[in-house]
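Undergrad: Before I ask anything, let me first share the structure, which is written out below as structure tokens.
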Amino acid sequence: MNKSPVDEALSLDALRAGDRNEFARLVDLFSGRIYRLALQITGNTQDAEDVLQETFLKAFHALPGFEGRSSLSTWLYRIAVNEALMILRRQKVQFSLAEDNESNDEEKTEALQLVDWCCLPEDELQSTETRRVLEEAIQRLSPALRVVFLLRDVEGLSVKDTADSLGITESAVKVRLLRARLRLREELSAYFSERMEK
Amino acid sequence: MSEQKHCHDLIETLSDYVDGNLNPVLCEELERHLRECPNCRIVVNTLRKTIELYQKEAQEETLPDDVRERLFRRLDLTSFLK
Ligand SMILES: [Zn+2]
């Protein structure tokens, strides 16, 4: 299994044995990433905090049985994603991770916005307003597309680890990743092309 | 086949291309097309930039202190709060 340098620094034996000190280190290593992921899936700070707490509570209880077949980070992400999706379901957000909506998405694959905004100055690309636009664009993706983009592109998981975390196939990850990336590109292009006209 | 049809077909390969995972044959075909097609070059460049912006945004975010404190309390780890 691939292990990130972060995972290596922790002692799995100590974690499995319930060592509090080691568990506190695990929490500090991953809580920022888990919180950010939860915030972007749920779109709400209170929900994100609930996900964060539940994830580490569950992890602590499940650690003695952790076999290390996936990396610790992938394992934690899987718990966190499940918690976050459970909250969405409770809020009656209709979706399914297993749903196959490839045919629906087909027509939207076309790239329509053809403005080259790469050359915009960095302070424009990273302004507060741009951050808001990024946030809104990702919230408009369906949860099934959003989690794939977040795990793969934002958290940097491999295609395989993303698939494992979500319990879907690698080819489903690839299809959704392409759709998610293209849609976000469309949204950002629409926004930046307006800025370039000014 | 029209130029546009070609662009449409190649769009399916873009994700693998920006990840560096596209197989050599398709990669060569795409790069040949990119040299001749300014529109597809824009799509590739802005696609890369889109991913980069989301990654940069994420790096700037850290766990708020009060969230961390409540987390440690909930996990019975208050003695490790520094
Ligand atoms: Zn083209």
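The values are calculated or read from the model by the stated rules, or taken from the named source; none is laboratory data. Bear in mind the structure is a predicted one, so any value in this text is a computation, not a measurement. In this analysis, Cβ positions are derived from the backbone assuming ideal geometry, glycine residues included, and neighbour counts consider all displayed protein chains. Ligands, DNA and RNA are stripped out before the accessible areas are found, and what is left, the full protein with its side chains, is counted by its heavy atoms. Shrake-Rupley method; radii C 1.70, N 1.55, O 1.52, S 1.80 Å.
Undergrad: Can we say B:Asn45 is at the interface with another protein chain (Cβ under 10 Å from one of its Cβ atoms), touching a residue at least 12 places away in the same chain (Cβ under 8 Å), of a type outside the set (A, V, I, L, M, F, W, C) and assigned to a helix (DSSP H, G or I)?
TA: The answer is no for B:Asn45.
Undergrad: Here's a follow-up. Would you confirm whether any residue within segment B:47-62 is open to solvent by less than 80 Å² (accessible area, probe 1.4 Å), within 16 Å of the ligand (Cβ to nearest atom) and more than 30 Å from A:Val51 (Cβ to Cβ)?
TA: No: zero hits.
Undergrad: Being assigned to a helix (DSSP H, G or I), open to solvent by 20 Å² or more (accessible area, probe 1.4 Å) and over 12 Å from A:Leu52 (Cα atoms) is the filter here, so list the residues in segment A:79-92 that pass it.
TA: Listed by number, the residues that qualify are A:Met86, A:Arg89, A:Arg90.
Undergrad: Turning to a different aspect of this structure: Need the failing condition index for A:Leu76 against (1) touching a residue at least 40 places away in the same chain (Cβ under 8 Å); (2) open to solvent by 10 Å² or more (accessible area, probe 1.4 Å), just the number.
TA: For A:Leu76, the exception is condition (2).
Undergrad: Evaluate the following for B:Thr13: is it hydroxyl-bearing (Ser, Thr, Tyr) and away from the ligand (no atom under 12 Å from the Cβ)?
TA: no
Undergrad: Output the residue which, of all residues in segment A:38-48 that are at the interface with another protein chain (Cβ under 9 Å from one of its Cβ atoms) and open to solvent by less than 20 Å² (accessible area, probe 1.4 Å), is modelled with the lowest pLDDT.
TA: Among residues in segment A:38-48 that are at the interface with another protein chain (Cβ under 9 Å from one of its Cβ atoms) and open to solvent by less than 20 Å² (accessible area, probe 1.4 Å), the one modelled with the lowest pLDDT is A:Gln40.
Undergrad: On the given criteria, is B:Lys56 at pLDDT 95 or above and within 10 Å of another protein chain (Cβ to nearest Cβ)?
TA: No; evaluated as a whole, the condition is false for this residue.
Undergrad: Any residue in segment B:21-36 that is within 9 Å of chain A (Cβ to nearest Cβ) and either over 23 Å from A:Leu177 (Cβ atoms) or within 12 Å of the ligand (Cβ to nearest atom) (or both)?
TA: Scanning segment B:21-36, I find no residue that is within 9 Å of chain A (Cβ to nearest Cβ) and either over 23 Å from A:Leu177 (Cβ atoms) or within 12 Å of the ligand (Cβ to nearest atom) (or both), so the answer is no.
Undergrad: Which members of segment A:135-188 meet the condition of being farther than 23 Å from A:Asn44 by Cα, assigned to a helix (DSSP H, G or I), open to solvent by 50 Å² or more (accessible area, probe 1.4 Å) and in contact (Cβ under 8 Å) with a residue 24 or more places away in the chain?
TA: The one that is farther than 23 Å from A:Asn44 by Cα, assigned to a helix (DSSP H, G or I), open to solvent by 50 Å² or more (accessible area, probe 1.4 Å) and in contact (Cβ under 8 Å) with a residue 24 or more places away in the chain: A:Asp164.
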